[in-house]
Amino acid sequence: MSFPTTTAGLRLAAFVAVPVLALTVACGDDTTGTRSHDAVADAPSPKTEPSGPEAAPGTPSAKPAGKSAYYDAQVAFVQCMRAEGGYKDFPDPKLSGHLDWEKVNEIGSQPGRNDGIKAGKDNVCVDELQAAMAVEPKRDQQKSYESMLAHAQCMRDNGISRFTNPVMSGGNAVPGGDPNPASPVYDPDSPAYKEARAACKSKLLDGLDGMQ
C-alpha cells in the first residue's frame, strides 16, 4: 500500500503495517529514566453530522466555510474516535485541518489511555486514519526540515542534549527526536522535557507539533 509522501505519511506508514504508530518520539531529560510516548495521526471521508443547537454532544464543531477535504477527513476521524474509539474527549481538529497534537498527547499521557490513542480501541478508526492521510495537503519538505531542525536545536539548547536532528530522505523531511526510539532514553512527562517543549513549541510549523 502506498502512502502520501508527506512527513506525516512517512511516520504513519509503519502504523498501518504493524498496526502500531508512534508519531511522537519519546523525549525528556537524561535524569528522568526511560519511557515511551505515542501520539496520534490523521483521518477520513466526511460523515455528515448536525451542527449548531441540534448537534449531538461530542460532535466536532461545524466545518468552517471553504475548508478542504482534509478538514472533513479529520472531522470524520475525530467523530470515529469519540463514538467508537473510546475517546469521547478527543479534541477537534484545528481550522487548518491538522490535529491538535498538544491536546491529543495530553490525553494519551493519562494512565491507561495511550493504547488506543493512535486509531481507537482495536484500531477501529484505522479506515478514517488512512482516508485523512490520503488527502493531507502536500508540504514544502524543505520548510518542514528547517522547522524541525530549528526545533531540535532549541530542545538541545534547553537541556535535552541528545535530541537528534531531522534528516532529508528521498526528498522528504523525517523527524528527529529520541536517539533510540526502540528503547527511549527520555521521559516526555518529566519536568525538564515539558519545559523544553514549551520553550521550543513556536519553532514547529502547524501540523508538525506532533511529529518530533
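The values are calculated or read from the model by the stated rules, or taken from the named source; none is laboratory data. Fair warning: this is a prediction, and the values are worked out from it, not measured in the lab. Don't worry about glycine lacking a Cβ; one is built from the backbone with ideal geometry, like all the others, and counts go over all protein chains shown. The area values use the complete protein model at the heavy-atom level, side chains included, leaving out ligands, DNA and RNA. Shrake-Rupley method; radii C 1.70, N 1.55, O 1.52, S 1.80 Å.
A quick yes/no check of all residues on (1) in contact with a Leu (Cβ under 9 Å, 6 or more places away or on another chain); (2) modelled with pLDDT of 90 or more; (3) under 19 Å from Val104 (Cα atoms); (4) part of a loop (DSSP other than H, G, I, E, B):
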site: Leu149; (1), (2), (3), (4): no, yes, no, no
site: Cys154; (1), (2), (3), (4): no, yes, no, no
site: Gly177; (1), (2), (3), (4): no, yes, yes, yes
site: Asn180; (1), (2), (3), (4): no, no, no, yes
site: Lys201; (1), (2), (3), (4): no, yes, yes, no
site: Gly207; (1), (2), (3), (4): yes, no, yes, yes
site: Gly210; (1), (2), (3), (4): yes, no, yes, yes
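Condition check ((1) over 18 Å from Met211 (Cα atoms); (2) touching a strand residue (DSSP E or B) at 6+ places or on another chain (Cβ under 6 Å); (3) in a loop (DSSP other than H, G, I, E, B)) across all residues:
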| site | (1), (2), (3) |
| --- | --- |
| Cys80 | yes, no, no |
| Lys88 | yes, no, yes |
| Ala119 | no, no, yes |
| Asp122 | yes, no, no |
Next on the checklist: Taking the conditions exactly as written (touching a helix residue (DSSP H, G or I) at 6+ places or on another chain (Cβ under 7 Å) and either open to solvent by 20 Å² or more (accessible area, probe 1.4 Å) or of a type in the set (Phe, Trp, Tyr) (or both)), does Ala69 satisfy them or not?
Outcome noted: yes
Item to check | Residue within the stretch 87-106 that is open to solvent by less than 20 Å² (accessible area, probe 1.4 Å), modelled with pLDDT of 90 or more and of a type in the set (Phe, Trp, Tyr) present | outcome: yes
Checklist entry - For Asn165, all conditions in the list (1) within 30 Å of Gln79 (Cα to Cα); (2) outside any helix (DSSP H, G or I); (3) not aromatic (Phe, Trp, Tyr) hold save one; what is the number of the exception? => result (1)
Checklist entry - Residues in the stretch 182-199 that are exposed (fewer than 15 other Cβ atoms within 10 Å of the Cβ), hydrophobic (A, V, I, L, M, F, W, C) and assigned to a loop (DSSP other than H, G, I, E, B): how many? => result 1
Checklist entry - What residue, among those in the stretch 139-177 that are out of contact with any Ser or Thr (no Cβ under 9 Å at 6 or more places or on another chain) and of a type in the set (Gly, Ala, Ser), is surrounded by the most Cβ atoms within 10 Å (Cβ to Cβ)? => result Ser147
